[in-house]
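Chemist: Next up is a structure, given as structure tokens.
The values are calculated or read from the model by the stated rules, or taken from the named source; none is laboratory data. These numbers come from a predicted model, not from an experiment. Every residue, glycine as well, gets a Cβ built from its backbone with ideal geometry; the counts of neighbours run over all protein chains shown.
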There are 2 protein chains.
Amino acid sequence: MERGAGRTPYDLERLLAVAVSVFIEKGYDGTSMEDLARAAGISKSSIYHHVEGKEELLRLTVERALDALFAILSEEEMRAPRAIDRLRHVLGRAVEVLCAEAPYVTVLLRVRGNTETERWALERRREFDRHVSEIVTRAAAEGDIRSDLRPALAERLVLGMVNSITEWYRPGQADVTELKETIVAMATAGLSK
Amino acid sequence: MERGAGRTPYDLERLLAVAVSVFIEKGYDGTSMEDLARAAGISKSSIYHHVEGKEELLRLTVERALDALFAILSEEEMRAPRAIDRLRHVLGRAVEVLCAEAPYVTVLLRVRGNTETERWALERRREFDRHVSEIVTRAAAEGDIRSDLRPALAERLVLGMVNSITEWYRPGQADVTELKETIVAMATAGLSK
């Protein structure tokens with residue numbers, strides 16, 4: 001944790017962590033380079049050594065969240081033959097990702113679409129939603145969940161429940177295993193016939 | 001809809017609607033009196049005819065949302081003998097309130113606690129949550145919902161699902177009845193044994 005390490009990756013990581021907390025506190029639109037420099041305790045020109053500007057910090061922030069979420073879709077368990085098992089897996093792992101990367105996912109979920117990076121992030125979020133929505137549709141077709149609900153709406157509400165934990169979850173203050181099990185149990189029972 | 005009606009309540013209502021949309025766009029912290037005057041198309045001093053400042057506009061905004069939510073708790077149906085029926089009612093009506101007062105509830109849900117008004121709003125939200133949490137606890141005690149989930153956590157997740165609709169709901173773009181029925185069905189099935 002020594003200072004003065006220059007342009008090493010460690011410093012970008014630390015700058016990113018600071019930027020994320022400022023984005024959460026002030027909102028991305030409300031954050032200036034001055035705010036970031038003050039919070040990081042470095043000059044604006046030092047920040048420009050690392051990134052082109054605040055939009056690049058936003059891109060790195062949402063990339064970290066999106067990469068973690070999309071990685072779930074490539075996991076071994078996502079090859080399970082029944083869609084209901086894939087749904088359980090993706091929901092449970094999404095809870096873990098939200099808890100592990102809480103501030104990064106929080107910024108991702110608050111993206112509004114005013115810049116190119118934000119519009120890209122929104123599109124990637126929609127892409128993730130579509131993957132989950134397809135799993136819900138398949139699970140209904142396989143008879144494992146009720147078919148009287150529109151899959152796209154059911155998926156949106158289930159992910160809404162998952163995402164809502166970023167509103168109150170603080171690392172160390174909640175039992176992630178209980179949270180994961182409760183959400184998977186409520187979501188799958190909620191979608192059951 | 002005539003202009004120049006002076007300090008009539010109608011004007012305060014219109015000013016409030018403008019303020020709410022600016023709060024959503026820029027965040028409450030990021031909104032200045034200049035922003036409000038520009039969006040309303042009136043001078044700052046005209047705004048001061050109506051309210052003491054932006055914090056009063058925030059108070060009026062969150063009061064409108066909170067009054068609508070708390071009114072649910074006094075409705076006839078909330079005297080139903082079984083807690084599960086009261087739970088169904090409060091969730092369904094909360095969906096209707098969120099849809100009817102979407103921008104006002106959205107601002108309420110984004111309150112962070114930096115001012116006295118925000119701290120008051122957070123406390124009132126917690127009070128509403130406690131009411132719903134007690135209903136969940138009673139429903140579990142009456143054997144109508146599963147008892148293996150912590151009522152406070154289950155309540156938080158169910159309301160998180162309800163509240164998540166403010167992220168995407170736009171008046172006229174979704175069927176409120178379908179939304180209400182889907183949420184009540186998923187929540188009660190999700191909590192069922």
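Chemist: Identify all residues within segment A:167-177 that are in contact with a helix residue (DSSP H, G or I) (Cβ under 8 Å, 6 or more places away or on another chain) and at pLDDT below 95; write none if there are none.
Modeler: A:Glu167, A:Trp168, A:Tyr169, A:Arg170, A:Pro171, A:Ala174
Chemist: Show the residue pairs meeting these rules: Cβ distance below 6 Å; 6+ apart or different chains; first residue within segment B:24-44 and modelled with pLDDT under 90; second residue in a loop (DSSP other than H, G, I, E, B).
Modeler: B:Gly27/A:Gly27; B:Gly27/A:Gly30; B:Gly30/A:Gly27; B:Gly30/A:Gly30
Chemist: Another one. Please determine whether any residue of segment A:99-118 is of a type outside the set (S, T, N, Q), away from chain B (no Cβ under 12 Å), out of contact with any helix residue (DSSP H, G or I) (no Cβ under 9 Å at 6 or more places or on another chain) and surrounded by fewer than 16 Cβ atoms within 10 Å (Cβ to Cβ).
Modeler: no
Chemist: Just checking, which of B:Ala80, B:Ala68, B:Ala121 is touching a helix residue (DSSP H, G or I) at 6+ places or on another chain (Cβ under 6 Å), buried (at least 20 other Cβ atoms within 10 Å of the Cβ) and at pLDDT 95 or above?
Modeler: Selected residue: B:Ala121, the only one of B:Ala80, B:Ala68, B:Ala121 that is touching a helix residue (DSSP H, G or I) at 6+ places or on another chain (Cβ under 6 Å), buried (at least 20 other Cβ atoms within 10 Å of the Cβ) and at pLDDT 95 or above.
Chemist: Check B:Arg156, B:Arg146, B:Arg93, B:Arg126 and return the single one that is within 14 Å of the chain's Cα centre (by Cα) and within 14 Å of another protein chain (Cβ to nearest Cβ).
Modeler: Sole residue among the options that is within 14 Å of the chain's Cα centre (by Cα) and within 14 Å of another protein chain (Cβ to nearest Cβ): B:Arg126.
Chemist: Turning to a different aspect of this structure: Across segment A:23-52, what is the number of residues that are part of a loop (DSSP other than H, G, I, E, B) and either within 14 Å of another protein chain (Cβ to nearest Cβ) or among the small types (Gly, Ala, Ser) (or both)? Write out each step before concluding.
Modeler: Initial filter on segment A:23-52 (part of a loop (DSSP other than H, G, I, E, B)): A:27-32, A:41-43, A:51-52.
Of the ones still in play, those that are also either within 14 Å of another protein chain (Cβ to nearest Cβ) or among the small types (Gly, Ala, Ser) (or both) are A:27-32, A:41, A:43.
Within segment A:23-52, residues that are part of a loop (DSSP other than H, G, I, E, B) and either within 14 Å of another protein chain (Cβ to nearest Cβ) or among the small types (Gly, Ala, Ser) (or both) number 8.
Chemist: Here's another thing I want to ask about it. If I filter segment A:66-79 for residues that are assigned to a loop (DSSP other than H, G, I, E, B) and on the phi > 0 side of the Ramachandran plot, do I get at least one hit?
Modeler: no
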